[in-house]
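Here is the structure we will look at, set down as structure tokens.
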Amino acid sequence: MTAETSFDFEIPARPEYLSLVRSLAVEAAETDTALSRERVEDFKIAVSEATTNAIEAHARACLDESIRIRCTITDDRLEFHIIDRGFGFYPDQIQVLPEPDDPSRLNFERGLGIYLMRVLSDDLEIHSGPHGTEVSLAIRLSSNNSSA
């Protein structure tokens, strides 16, 4: 049987709350003492990117609502779900940019968020529609963590 701990919280859709979310991601990841510091930092960046996108989505939609975040920790997995109420987007229609190590990538100021979420977490799911987006990020914990 898998033990599960879950908590929900909300943050105002303002950049000054990113440090709180980053701290919570680190604290949650550090419940698994076998994770390397690098792996914890990677996950913190992935969660931060998703939260930044949610904050920006609320700004574009002129929303003063909070962003909802759910953290779930099981014996073998840590998940963060970041939920906004922005206009949504179609992940499969995102402009394909040059790889990060391609010199032509310097011509683009933005666009690494989803790429970073994908490479810095073990699982990424994005569900988006006209009433908001939910980004789900997860990393494997304990002996199931092959990326440590």
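Suppose we filter the stretch 18-45 for residues that are acidic (Asp, Glu) and closer than 16 Å to Met117 by Cβ; how many remain?
So the answer is 2.
Among residues of the stretch 39-52 being free of Cβ contacts under 8 Å to residues at least 60 places away in the same chain and farther than 12 Å from Ala138 by Cα, the one that is surrounded by the fewest Cβ atoms within 10 Å (Cβ to Cβ) is Glu41. Of the set (1) modelled with pLDDT of 90 or more; (2) outside any strand (DSSP E or B), all apply to Val96 but (1). Within the stretch 1-20, the set of residues being in contact (Cβ under 8 Å) with a residue 40 or more places away in the chain, surrounded by fewer than 13 Cβ atoms within 10 Å (Cβ to Cβ) and either part of a helix (DSSP H, G or I) or in contact with a strand residue (DSSP E or B) (Cβ under 6 Å, 6 or more places away or on another chain) (or both) comprises Thr2, Glu4, Thr5, Ser6, Phe7, Asp8, Glu10, Pro15. Of all residue pairs spaced 6 or more apart or on separate chains, those with beta-carbon atoms under 7 Å, a first member in the stretch 121-148 that is at pLDDT 95 or above and a second member that is surrounded by fewer than 18 Cβ atoms within 10 Å (Cβ to Cβ) and polar (S, T, N, Q) are Asp122/Ser147. For Ile69, the stated conditions hold: it is within 13 Å of the chain's Cα centre (by Cα), at pLDDT 95 or above, assigned to a strand (DSSP E or B) and surrounded by 16 or more Cβ atoms within 10 Å (Cβ to Cβ).
The values are calculated or read from the model by the stated rules, or taken from the named source; none is laboratory data. The structure displayed is predicted, hence computed values, not measured ones. Quick reminder, even Gly has a Cβ in these numbers, built from the backbone with ideal geometry, and neighbours come from all protein chains shown.
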